[in-house]
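Remarks on the structure that follows.
The values are calculated or read from the model by the stated rules, or taken from the named source; none is laboratory data. These numbers come from a predicted model, not from an experiment. FYI the Cβ positions are ideal-geometry reconstructions off the backbone, even for glycines, and counts take in every protein chain you see. Surface areas here come from the heavy atoms of the whole protein model, side chains and all, with no ligands, DNA or RNA. Shrake-Rupley method; radii C 1.70, N 1.55, O 1.52, S 1.80 Å.
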Amino acid sequence: MSHSFGPRINKGSGPSQKLKEYNVRKRAWPYLLADFRERCAYSMRHLRIAGGESQMEVDHFDPTLRGAARNAYSNLMLATRHCNLRKRDYWPTQRELHEGFRLLNPCREVDYGEHLFEDPVTNHLIGATRAGRYHIDICDLNNDTFVWERRQRSRFLELKRESPALISGSFSEIQEMLDFIAGLVGLLIPEIPTPGERPLTDVS
């Protein structure tokens, strides 16, 4: 596991107040939205695509921690309801950890572009490591809805590259349309590296 590019998410220190089970969402929420740029830590789906804030949840990355460590800001992730429900309280056993099966923490390492890659033809995620394959399975990152979104992003970017030669109209009209498309694409799951490409860091 290489850390040459730093973690994908540069997470801050969070709120100064103590976080407990009953107040963790209220106090940590604005910090998580800012640190994760309103995207799920695992799927990278934007909250606007996910259905708004009501469909996003606070996930305890390591659910086996107890006491103050469980609700420490460093253990909290912004997650879609889908990813959080799939992940739940799953945590690898000591044997699985010894064999390399674990969940990826984007605040401590590069996940996309090192453990996880996207097949440019099928838009499915491919696990390049045991940890990557385990992570995809536990979080259900090849669910049809995520694959569909990645496919739309790929198609939109392809059309954007081709559109100046295909669309008639004034420059300002074409530019306005491209800006509109770019705004929509900006909310979709970001481009994910294929093998050999630079890992994702600090995704906006």
Can you name the condition, by its number, that residue 89 falls short on among (1) open to solvent by 70 Å² or more (accessible area, probe 1.4 Å); (2) in contact with a helix residue (DSSP H, G or I) (Cβ under 6 Å, 6 or more places away or on another chain)? (2)
In the set 96, 53, 38, which member is within 14 Å of the chain's Cα centre (by Cα) and charged (D, E, K, R)? 38
Residue among 77, 44 that is surrounded by 22 or more Cβ atoms within 10 Å (Cβ to Cβ), touching a residue at least 60 places away in the same chain (Cβ under 8 Å) and under 12 Å from the mean Cα position of the chain (by Cα): 44
Restricting attention to segment 140-155, does a residue exist that is open to solvent by 50 Å² or more (accessible area, probe 1.4 Å), farther than 23 Å from residue 34 by Cα and in contact with a strand residue (DSSP E or B) (Cβ under 7 Å, 6 or more places away or on another chain)? no
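Determine which member of the set 102, 161 is in a helix (DSSP H, G or I) and either polar (S, T, N, Q) or surrounded by fewer than 20 Cβ atoms within 10 Å (Cβ to Cβ) (or both).
Going through 102, 161 in turn, the sole match is 161.
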Can you confirm whether segment 16-30 contains a residue that is assigned to a loop (DSSP other than H, G, I, E, B), open to solvent by 90 Å² or more (accessible area, probe 1.4 Å) and within 24 Å of residue 199 (Cα to Cα)? no
Open to solvent by 30 Å² or more (accessible area, probe 1.4 Å), over 27 Å from residue 153 (Cβ atoms) and in contact (Cβ under 8 Å) with a residue 12 or more places away in the chain: does that describe residue 66? no
Across segment 120-139, the tally of residues that are open to solvent by 40 Å² or more (accessible area, probe 1.4 Å) and either within 20 Å of residue 197 (Cβ to Cβ) or in contact with a helix residue (DSSP H, G or I) (Cβ under 8 Å, 6 or more places away or on another chain) (or both) stands at 8
Among 88, 70, 81, which is closer than 26 Å to residue 55 by Cβ and at pLDDT below 95? 88
Condition first: of a type outside the set (Ser, Thr, Tyr) and part of a helix (DSSP H, G or I). Now tell me which residues in segment 109-146 satisfy that. 130, 131, 132, 133, 135, 136, 137, 138, 139, 144, 146
